[in-house]
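Each remark here refers to the structure printed beneath this line.
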Amino acid sequence: MRIIRIFDTTLRDGEQSPGASMNVEEKLQVAKQLVRLGVDIIEAGFPIASDGDFEAVNRIANEVKGATIAGLARAKEADIKRAYEAVKNAPKRRIHTFHSTSDIHLKYQFRVNREEALKRSVEMVRLARSLVEDVEFSPMDATRTELPYLIDVVEAVIEAGASTVNIPDTVGYTTPEEFGRIIKAIKEKIRDKAVISVHCHNDLGLAVANSLSAVLNGAGQVECTINGIGERAGNCSMEEVAMALRTRKDFFNADTKINTKEIIRSSRLITKITGIPVQPNKAIVGANAFAHESGIHQDGLLKEKTTYEIIRPESIGLQSTKLVLGKHSGRHAFKARLSELGYELSSEEIENAFAKFKHLADQKKDIFEEDLETLVSEEVSKIPETYQLVDLSVSSGMKKQPKASISMKAKGRMVKKIASGDGPVDATYKAISSITKTKSSLLKFEVKSITGGTDALGEVIVSLEENGRTARGHGADTDIIVAAAKAYINALNKLAVRKK
Ligand code: KIV
Ligand code: ZN
């Protein structure tokens, strides 16, 4: 059985999804989860793009063990040196460099001819190879590149030291049969001199099918993202490709090292951090992916699960109804449960999360895995609190003008305000904005419940915009208005950090 490498680019191409930018702490949290998930390579970012990107790649390289850490670089000396600086301390590090090869890109965007593009690609692979052992090269827009020239470039960069050649379908243009032929032709030429990787975009909804066709034709690495997020229509979805290979090993004669039980947790983390929801009918991680509605199907399932279920929900980590802790659980059990779930927190983070857990246990009888995840991720992605919620009380009703009375610590000072509004959230937000004097506008407001039941933790995600800067905020509480206030304040704190 061939083992296909999973190269996760959620933190790089995924972050290029509109509105998906993540801060350094959030990226670290994602990188740690990707290690638990068992990906082989984490593309942690594009270090030359900004100081923030550099810092994120660098911290991941320094702090996250268990996967190869890659930094992206254009085929330019400055990019490659910056990528090297960012990844150099990782025990396993990779530079991923790229140059377009299609005539469309060369003529209209880069204004160089094919020979110049090939020469530059070779020189930059050599430079990268002088810095690190593990170099990947991508001929961008490969699927619209004339095949004989594409093969010349691939052979030349392997000769120059690239150990992985990635064939990107940059604009999501190819089809499974055509892509399979391209990969086969490359494989026949290069044999085992380098690993063939594929990087498919989803503009025609074919990213996963194209990647699987490439696997059948010799690709040994698939580039993908959690929930399929990424530039435009996104990238090949990690969970779909991994589950297709796992479920149909018999057909593909290939598998990955993905620990599929971590799939649902990874998907939820990405949704929480980026604010990009998963469509309910999405394969594997959509809310309806395991919901059987038809009577005939339900009848079959009751008799024998395999009649209509090709994937066991538990195999992707869906045990949402699993009770983990209750009101009487102590600090020790709490800590043990967190480490079972794969979280390694500092003692201060554990203390803070434990205090929140006790508070929640007073309001909610049963605490589930998802509740714990919410508490912990709030703790791990903590940012300096310019504003803090101290107390909130709201009155509203059908025949009553909603009113909110809020107490907050703002820049070290205790302040109290009362405001009325069109609804309880509106009143609360008016009170907060009169304290913080924010000029931001609310771009998005979303509410969802973390688990089932009327006592469930409600999660609110908001997006704010101020002077061209955007920030997402999260808040969770059994009281949805309190969750909304926390989310708003969290986003304001992020804007305050950015201003500084
Ligand atoms: O889509 C693409 O071509 C890319 C390259 C940088 C690999 O993201
Ligand atoms: Zn891409």
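The values are calculated or read from the model by the stated rules, or taken from the named source; none is laboratory data. This structure is a prediction, so every number in the text was calculated from the model and none was measured. For neighbour counting, all protein chains shown are included, and Cβ atoms are generated from backbone atoms with ideal geometry for every residue, glycine included.
Just give me the residues in segment 365-380 being surrounded by 20 or more Cβ atoms within 10 Å (Cβ to Cβ) and outside any helix (DSSP H, G or I), in sequence order.
Listed by number, the residues that qualify are 367, 368.
Can you tell which of 209, 219, 244 is aliphatic (A, V, I, L, M), closer than 16 Å to residue 4 by Cβ and out of contact with any strand residue (DSSP E or B) (no Cβ under 9 Å at 6 or more places or on another chain)? It would help to see each step written out before you state the result.
Numbers: 209 fails: out of contact with any strand residue (DSSP E or B) (no Cβ under 9 Å at 6 or more places or on another chain); 219 fails: out of contact with any strand residue (DSSP E or B) (no Cβ under 9 Å at 6 or more places or on another chain).
Result of the check over 209, 219, 244: 244.
I'm trying to understand the selection: among the residues of segment 182-231, which are among the polar types (S, T, N, Q) and within 14 Å of ligand 1 (Cβ to nearest atom)? Let's see the steps before the verdict.
At the first step, the residues of segment 182-231 found to be among the polar types (S, T, N, Q) are 197, 202, 210-211, 213, 217, 221, 225, 227.
Residues satisfying the conditions are 197, 202, 210, 211, 221, 225.
Taking segment 9-20, which residues are touching a residue at least 24 places away in the same chain (Cβ under 8 Å) and away from ligand 1 (no atom under 14 Å from the Cβ)?
To start, the set of residues in segment 9-20 that are touching a residue at least 24 places away in the same chain (Cβ under 8 Å) comprises 9-17, 19-20.
Within segment 9-20, 19, 20 meet the criteria.
Those residues that are out of contact with any His (no Cβ under 7 Å at 6 or more places or on another chain) and either modelled with pLDDT under 95 or within 16 Å of ligand 1 (Cβ to nearest atom) (or both), I need them from segment 140-162; list them, please. Write out each step before concluding.
Going residue by residue through segment 140-162, those that are out of contact with any His (no Cβ under 7 Å at 6 or more places or on another chain) are 142-162.
Listed by number, the residues that qualify are 142, 143, 144, 145, 150, 153, 154, 157, 162.
Scan segment 48-59 and give yes if some residue there is at negative phi, assigned to a loop (DSSP other than H, G, I, E, B), surrounded by fewer than 17 Cβ atoms within 10 Å (Cβ to Cβ) and in contact (Cβ under 8 Å) with a residue 12 or more places away in the chain, otherwise no.
Checked segment 48-59: no residue is at negative phi, assigned to a loop (DSSP other than H, G, I, E, B), surrounded by fewer than 17 Cβ atoms within 10 Å (Cβ to Cβ) and in contact (Cβ under 8 Å) with a residue 12 or more places away in the chain.
Which pairs do you get when a residue that is touching a residue at least 40 places away in the same chain (Cβ under 8 Å), found in segment 146-168, comes within reach of a residue that is away from ligand 1 (no atom under 16 Å from the Cβ), reach meaning Cβ atoms under 6 angstrom, with the pair 6+ apart or on two chains?
The qualifying pairs are 149/114; 153/118.
Take residue 465 and tell me if it is out of contact with any Phe, Trp or Tyr (no Cβ under 6 Å at 6 or more places or on another chain) and touching a residue at least 40 places away in the same chain (Cβ under 8 Å). I'd like the intermediate steps shown before the answer.
On the way: out of contact with any Phe, Trp or Tyr (no Cβ under 6 Å at 6 or more places or on another chain): yes; touching a residue at least 40 places away in the same chain (Cβ under 8 Å): no.
Criteria not met by residue 465.
Quick one: which residue in 260, 271 is farther than 22 Å from residue 463 by Cα, under 19 Å from the mean Cα position of the chain (by Cα) and either away from ligand 1 (no atom under 16 Å from the Cβ) or modelled with pLDDT of 95 or more (or both)? Step through it out loud before you land on a result.
Details: 271 fails: farther than 22 Å from residue 463 by Cα.
From the options 260, 271, the qualifying one is 260.
Which one of these is assigned by TED's automatic domain parsing to the domain that holds residue 28 and under 30 Å from residue 185 (Cβ atoms): 258, 270, 263, 229? I'd like the intermediate steps shown before the answer.
On the way: 270 fails: under 30 Å from residue 185 (Cβ atoms); 263 fails: under 30 Å from residue 185 (Cβ atoms); 229 fails: under 30 Å from residue 185 (Cβ atoms).
Every option except 258 fails the conditions.
Look at segment 159-190 and say how many of its residues are touching a strand residue (DSSP E or B) at 6+ places or on another chain (Cβ under 9 Å) and not aliphatic (A, V, I, L, M).
The initial filter retains those residues of segment 159-190 that are touching a strand residue (DSSP E or B) at 6+ places or on another chain (Cβ under 9 Å), namely 160-174, 179, 182-183, 186-187, 190.
Next, from what is left, pick out any that are not aliphatic (A, V, I, L, M): 161, 163-164, 166, 168-170, 172-174, 179, 187.
Final tally of qualifying residues: 12.
Pairs only if they're at least six apart or on different chains, beta carbon under 7 angstrom, first in segment 28-41 and under 15 Å from residue 259 (Cβ atoms), second part of a strand (DSSP E or B); list them, first residue then second.
34/8; 34/42; 39/6; 39/8; 40/5; 40/6; 40/7; 40/68
Failed condition for residue 6, given (1) without any contact (Cβ under 8 Å) to a residue 12 or more places away in the chain; (2) in a strand (DSSP E or B); (3) not aromatic (Phe, Trp, Tyr), with all others met?
Result: residue 6 fails condition (1) only.
Would you please name the residue that is nearest to ligand 2 (Cβ to nearest atom), looking only at residues in segment 183-220 that are surrounded by fewer than 24 Cβ atoms within 10 Å (Cβ to Cβ) and among the polar types (S, T, N, Q)?
202
Taking residue 231 as the residue in question, decide whether it is modelled with pLDDT under 95 and not hydroxyl-bearing (Ser, Thr, Tyr).
Numbers: modelled with pLDDT under 95: yes; not hydroxyl-bearing (Ser, Thr, Tyr): yes.
So residue 231 passes the test.
Do you know which residues across segment 272-286 are within 25 Å of residue 378 (Cα to Cα) and surrounded by 13 or more Cβ atoms within 10 Å (Cβ to Cβ)?
If the condition is that a residue be within 25 Å of residue 378 (Cα to Cα) and surrounded by 13 or more Cβ atoms within 10 Å (Cβ to Cβ), then 272, 273, 274, 275, 276, 277, 278, 285, 286 are the ones that fit.
Are any of the residues in segment 152-170 surrounded by fewer than 18 Cβ atoms within 10 Å (Cβ to Cβ) and farther than 24 Å from residue 126 by Cα?
Within segment 152-170, none of the residues are surrounded by fewer than 18 Cβ atoms within 10 Å (Cβ to Cβ) and farther than 24 Å from residue 126 by Cα.
Assess whether residue 143 counts as being among the polar types (S, T, N, Q), farther than 22 Å from residue 161 by Cα and within 16 Å of ligand 2 (Cβ to nearest atom). Steps first, answer last, please.
Numbers: among the polar types (S, T, N, Q): yes; farther than 22 Å from residue 161 by Cα: yes; within 16 Å of ligand 2 (Cβ to nearest atom): yes.
Yes; evaluated as a whole, the condition is true for this residue.
Taking the conditions exactly as written (of a type in the set (Ser, Thr, Tyr), under 23 Å from residue 231 (Cβ atoms) and more than 13 Å from ligand 1 (Cβ to nearest atom)), does residue 175 satisfy them or not? Before the answer, list the steps.
Details: of a type in the set (Ser, Thr, Tyr): yes; under 23 Å from residue 231 (Cβ atoms): yes; more than 13 Å from ligand 1 (Cβ to nearest atom): yes.
When the stated conditions are applied, residue 175 passes them.
Identify the residue in segment 1-20 that is β-branched (Val, Ile, Thr) and out of contact with any helix residue (DSSP H, G or I) (no Cβ under 8 Å at 6 or more places or on another chain) and, among all such residues, is nearest to ligand 2 (Cβ to nearest atom).
Of the residues in segment 1-20, the ones β-branched (Val, Ile, Thr) are 3-4, 6, 9-10.
From the residues that got through so far, the ones that are out of contact with any helix residue (DSSP H, G or I) (no Cβ under 8 Å at 6 or more places or on another chain) too are 3, 9.
Working: 3: 24, 9: 7 Å.
Step by step, filter segment 1-20, then rank; the result is 9.
Scan segment 21-30 and give yes if some residue there is of a type in the set (D, E, K, R), surrounded by 24 or more Cβ atoms within 10 Å (Cβ to Cβ) and more than 16 Å from ligand 2 (Cβ to nearest atom), otherwise no.
Within segment 21-30, the subset of a type in the set (D, E, K, R) is 25-27.
Among the residues that remain, those that are also surrounded by 24 or more Cβ atoms within 10 Å (Cβ to Cβ) are: 27.
In the following step, the residues that additionally are more than 16 Å from ligand 2 (Cβ to nearest atom) were identified as 27.
For segment 21-30, residues of a type in the set (D, E, K, R), surrounded by 24 or more Cβ atoms within 10 Å (Cβ to Cβ) and more than 16 Å from ligand 2 (Cβ to nearest atom): present.
Could you grab the pairs with beta carbons closer than 8 Å, sequence gap of 6+ or different chains, first residue in segment 210-227 and without any contact (Cβ under 8 Å) to a residue 40 or more places away in the chain, second one within 14 Å of ligand 2 (Cβ to nearest atom)?
Once the first residue is without any contact (Cβ under 8 Å) to a residue 40 or more places away in the chain and sits in segment 210-227, its partners that are within 14 Å of ligand 2 (Cβ to nearest atom) give 211/198; 211/200; 211/222; 211/224; 211/236.
Considering 47, 18, which residue is in contact with an Asp or Glu (Cβ under 8 Å, 6 or more places away or on another chain) and assigned by TED's automatic domain parsing to the domain that holds residue 243?
Details: 18 fails: in contact with an Asp or Glu (Cβ under 8 Å, 6 or more places away or on another chain).
Selected residue: 47, the only one of 47, 18 that is in contact with an Asp or Glu (Cβ under 8 Å, 6 or more places away or on another chain) and assigned by TED's automatic domain parsing to the domain that holds residue 243.
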